[in-house]
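Okay, so here's the structure we're looking at.
The values are calculated or read from the model by the stated rules, or taken from the named source; none is laboratory data. The shown structure was predicted, so the numbers you read here are calculated from the model rather than taken from an experiment. With ideal geometry, Cβ positions are generated from the backbone for all residues, glycine too; neighbour counts draw on all protein chains shown.
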Amino acid sequence: MRKRKLLALLISGPLLLSASSCGSKKNSTSSTGPVVGWQLDADTKKFIETFAYDFDIGPDGIKSNITIENMPSTDDEIIITGVLKPAAELTVPETVRGLKVTTIKDKAFASRSLNSQLEKINLPGSIKSLGNRVFYKDTKLKEVNFASLDNLVYVGDEAFGELEVTGQGSSAKFTSTTPYYQKILDSTTTTYLGNILLKAPSSSSGTFEVKDGTTCIISNALSHLDITSVKLPDTLKYIGAEAMSKTKLQSIVVPDSVVSIGDYAFYNNTEMTSAYLPNNSEFTYSSDTSYFLGNDNIKEFGFDGNAEIKNLFGGSRGFTQEFEKIVITPNANGDVIPNALKGVTGLKTLELKASPTGDKEVLVIRDSALPEDLSSLTEFICSENFEYLGDSDIFNSPYYNSLPDGLVVLGKNLLSVKGTVDPKTPLPSDLRGVSKDAVQNKLQVTSFPSGLRYVGSNAFKGNTTLTEVSMAEILSIGAEAFADCTNITSITLNLSCELGSGVFLNDTNVKSIDFNPSRALSDLFGENLPAIEHITLSEGVTDIKPSGFEGLSTLKTVTFPSTLKTIGKNAFKNCKLLEKVVIPESVSEIDSWAFAYCDSLTSVTFEKTTKTHRDQFAKDIIRPDVYLSIGNFAFAFDKKLTGEFVIVNRTISVGGAICFGTGVTNFRIEIDRNYLQDLSYSRFNPLNEANDTKYQNSWNLTDTKDKWGNQEKIGFKAYQVNFELAE
């Protein structure tokens, strides 16, 4: 993966480059050498080395994205971002310090200073992409020259100037403020720039064929034409904004090679009756996805299920449109997102179609993805590998009514237990999903298939034969899926499982849990929390959510994994019987009130720092791999917490009154010999009174006051405890 670039240049003139020369040999730029600087990384608390270059400025005035946290590597490419010095003619270099110039960024040459001066620009053959509005409002631009067009694959919306369109068909008038673009618009023949379709003539009608090899159709290239059909090559990758808007197209099949479509690309094609977006898992939607706004007559539609259909058709909150057939192809996640088909009416056929190569399929329909009205649905087509349908609206369709009684299984998804079924019927061993409301108490379930991944809302609600929930591969469980399963005593789930609200509502007999709560226990079990005394969080758990175990009054011990990073706000607040905690060295944050009001807590131990490294720049200094931040009132009102409280040497930030209302009588502050070098970004320095006053003068407050009414402070003493380099 490429390194992240940092813009940090020192420039002595209008040319902005990181490490290169530019322009003619006569006036070439030359670097005076790098100026080394340092930037603090907020996440790692480490300094990143940056380089800045002074230049003798050449004539072209080009600026680019070139400063770097490390010296250039051969796989990096240069993006031109703008011009500091306006000129009538500009020449973009092909390389900068040996790196190819490949991209002209959005509006790079659209500055006010250039709008009235730029007449000619010379671009290198290395250019792959011109961004949006690159030459926008450049009213004197007459020439755009490429050394070669072999690498150019993309031109953004209005790249060559702003555009206004009036009229339709042969009477359509296209107007631009850029002379170069106006000449293209006025042409009576189709204009290509290499493999980029720029414009078809206004006289175009009938079938329009885009030439083989074309990679991009720019914005408005085919708009306002009387064309009735279009043939698109399988080399096409990009379709610009309004590219085929206001035509007489009757249908459109976007090639599977396309990865991007611009806003309103097929706007107001009122004669269009069918449209298919690409079957390509790499396809991404534009910021405004109203591709088919005004196309009210489309009855057959295909897309990848990764957008809401009402947005694709520019619909409002109350959007409705009648479709007879919808075909959904695989997106990168292989799912259909929530609300994808909301507003669709009259649907007769819903087909889930595999990718052209058959290696990707639509496997999951998320909750609330289907239309609310499926009263016309007679056909639902999915593969034998289909895993989950989370929407219960299908139960009200003719399709569902036509299915026989028994276990209704679609692919590897249990849709329902329909009619009268022997309650001892086992769940199919290859199940991947159980739909919303599917089983409840209709079957005597004692165990689950090993590959089960999805369980819908209310799926097993009220099932009293369950005593254990063990799902090693489960990915999501819907709201109240196991509510009122009063005989469950043990729960073991995949650490990545997402849990809905009230999943285990009223399951008060649970004694053992092994999962990573994605919600607070009170959100999962309700007000009556289970009587769990011991919790061991598995390796792989990285964070405990805010209020994760708050109010678990029976909890006596908790064991944290070595992978834990964050203990959220209120995570163990009001765990009245919790006796001790050992904080792993992997933890970087203990948030506010995390262990407050733990009445039985007598011991807080921070594991010794064993994971260290040499400072990136000062090799004689040893740093911990993980610094620690302790939030406000983190251990407040823990009445049995007495004596000395240790603040370990990797602590970099301490909030207010962390031991307020406890029996702690003094703090032992452990400090590395190089601790003071960290203070420029540390919020915790109790040994420096000025810093203490400036940042955290309340960190060691007690709940008692002196005779003058001032809050007293817990005393502290510092000890030198140096970091040791881990071998």
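Scanning the stretch 231-247 for any residue that is within 27 Å of A172 (Cα to Cα), at pLDDT 95 or above, buried (at least 19 other Cβ atoms within 10 Å of the Cβ) and among the acidic types (D, E) turns up at least one such residue.
Here T320 meets the list (1) at pLDDT 95 or above; (2) out of contact with any Lys or Arg (no Cβ under 6 Å at 6 or more places or on another chain) almost entirely, failing just condition (1).
Does A340 count as aliphatic (A, V, I, L, M), surrounded by fewer than 18 Cβ atoms within 10 Å (Cβ to Cβ) and assigned by TED's automatic domain parsing to the domain that holds E387? Quick ask: steps written out before the conclusion?
Values: aliphatic (A, V, I, L, M): yes; surrounded by fewer than 18 Cβ atoms within 10 Å (Cβ to Cβ): no; assigned by TED's automatic domain parsing to the domain that holds E387: yes.
Answer is no for this residue.
Going by the structure shown, is K45 part of a loop (DSSP other than H, G, I, E, B) and either modelled with pLDDT of 85 or more or surrounded by 20 or more Cβ atoms within 10 Å (Cβ to Cβ) (or both)? No. The set of residues from the stretch 295-322 being of a type in the set (S, T, N, Q) and without any contact (Cβ under 8 Å) to a residue 24 or more places away in the chain comprises N311, S316.
Within the stretch 477-498, the residues that satisfy the criterion of being of a type in the set (S, T, N, Q) and farther than 17 Å from T446 by Cβ are N494, S496.
Taking the conditions exactly as written (among the aliphatic types (A, V, I, L, M), crowded, with 22+ Cβ neighbours inside 10 Å and more than 24 Å from L163 (Cα to Cα)), does L277 satisfy them or not? Taking the combined requirement at face value, the residue satisfies it. Of all residues in the stretch 342-354, those that are farther than 15 Å from I381 by Cβ and part of a loop (DSSP other than H, G, I, E, B) total 3.
Take the residues in the stretch 179-215 that are part of a helix (DSSP H, G or I) and of a type outside the set (S, T, N, Q); name whichever of them is nearest to A243 (Cα to Cα).
Within the stretch 179-215, the subset part of a helix (DSSP H, G or I) is 179-185.
Those still in the list that are of a type outside the set (S, T, N, Q) too: 179-181, 183-185.
Working: P179: 21, Y180: 19, Y181: 16, K183: 18, I184: 15, L185: 14 Å.
If we take residues in the stretch 179-215 being part of a helix (DSSP H, G or I) and of a type outside the set (S, T, N, Q), then L185 is nearest to A243 (Cα to Cα).
Between T284, T289, which is of a type in the set (S, T, Y) and in contact with a Leu (Cβ under 9 Å, 6 or more places away or on another chain)?
Details: T284 fails: in contact with a Leu (Cβ under 9 Å, 6 or more places away or on another chain).
Only one candidate passes the filter, namely T289.
The set of residues in the stretch 483-500 being closer than 19 Å to K461 by Cβ, surrounded by fewer than 17 Cβ atoms within 10 Å (Cβ to Cβ) and at pLDDT below 95 consists of E498 alone. Against the criterion of being of a type in the set (D, E, K, R), under 25 Å from the mean Cα position of the chain (by Cα) and farther than 22 Å from E372 by Cβ, D304 does not qualify.
Residues checked against (1) buried (at least 20 other Cβ atoms within 10 Å of the Cβ); (2) within 22 Å of F482 (Cβ to Cβ); (3) β-branched (V, I, T):
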{"residue": "N396", "(1), (2), (3)": "no, no, no"}
{"residue": "L403", "(1), (2), (3)": "no, no, no"}
{"residue": "K418", "(1), (2), (3)": "no, yes, no"}
{"residue": "V421", "(1), (2), (3)": "no, yes, yes"}
{"residue": "T425", "(1), (2), (3)": "no, yes, yes"}
{"residue": "P428", "(1), (2), (3)": "no, yes, no"}
{"residue": "L431", "(1), (2), (3)": "yes, yes, no"}
{"residue": "Q440", "(1), (2), (3)": "no, yes, no"}
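The residue of the stretch 234-266 that is nearest to Y276 (Cα to Cα), among those that are of a type in the set (F, W, Y) and in contact with a strand residue (DSSP E or B) (Cβ under 9 Å, 6 or more places away or on another chain), is F266. Between a residue in the stretch 161-173 that is at positive phi and any residue that is surrounded by 11 or more Cβ atoms within 10 Å (Cβ to Cβ) and in a helix (DSSP H, G or I), which pairs come within a Cβ distance under 7 Å, given they are 6 or more apart or on different chains? From residues that are at positive phi, the pairs are G161/Y181.
Which residues, taken from the stretch 546-571, are of a type in the set (K, R) and either over 19 Å from G631 (Cα atoms) or outside any loop (DSSP other than H, G, I, E, B) (or both)?
From the stretch 546-571, those of a type in the set (K, R) are 556, 565, 569; that's our starting set.
Across the stretch 546-571, the qualifying residue is only K556.
Would you call F606 of a type in the set (F, W, Y) and under 19 Å from Y719 (Cα atoms)? Spelling it out, F606 is indeed of a type in the set (F, W, Y) and under 19 Å from Y719 (Cα atoms).
Tell me, please, whether a residue that is modelled with pLDDT under 95 and closer than 21 Å to N339 by Cα can be found in the stretch 432-439.
No: the stretch 432-439 contains no residue that is modelled with pLDDT under 95 and closer than 21 Å to N339 by Cα.
Of the residues making up the stretch 442-476, those that are surrounded by 16 or more Cβ atoms within 10 Å (Cβ to Cβ) and assigned to a strand (DSSP E or B) are Y454, V455, V469, M471, S476.
For the stretch 499-513, state whether one or more residues are out of contact with any Phe, Trp or Tyr (no Cβ under 7 Å at 6 or more places or on another chain), of a type in the set (S, T, Y), under 18 Å from Q444 (Cβ atoms) and free of Cβ contacts under 8 Å to residues at least 40 places away in the same chain. No, the stretch 499-513 contains no residue that is out of contact with any Phe, Trp or Tyr (no Cβ under 7 Å at 6 or more places or on another chain), of a type in the set (S, T, Y), under 18 Å from Q444 (Cβ atoms) and free of Cβ contacts under 8 Å to residues at least 40 places away in the same chain.
If you go through the stretch 505-517 one residue at a time, do you hit one that is surrounded by 18 or more Cβ atoms within 10 Å (Cβ to Cβ) and part of a helix (DSSP H, G or I)? No, because not a single residue in the stretch 505-517 is surrounded by 18 or more Cβ atoms within 10 Å (Cβ to Cβ) and part of a helix (DSSP H, G or I).
Quick one: in the stretch 590-608, of everything that is polar (S, T, N, Q), over 33 Å from the mean Cα position of the chain (by Cα) and surrounded by 14 or more Cβ atoms within 10 Å (Cβ to Cβ), which residue is farthest from I671 (Cα to Cα)? Quick ask: steps written out before the conclusion?
Filtering the stretch 590-608 down to residues polar (S, T, N, Q) leaves 592, 600, 602-603, 605.
Restricting the remaining residues to those that are over 33 Å from the mean Cα position of the chain (by Cα) gives 600, 602-603, 605.
Narrowing the set further to residues that are surrounded by 14 or more Cβ atoms within 10 Å (Cβ to Cβ) leaves 600, 602.
Details: S600: 29, T602: 24 Å.
So the residue we want is S600.
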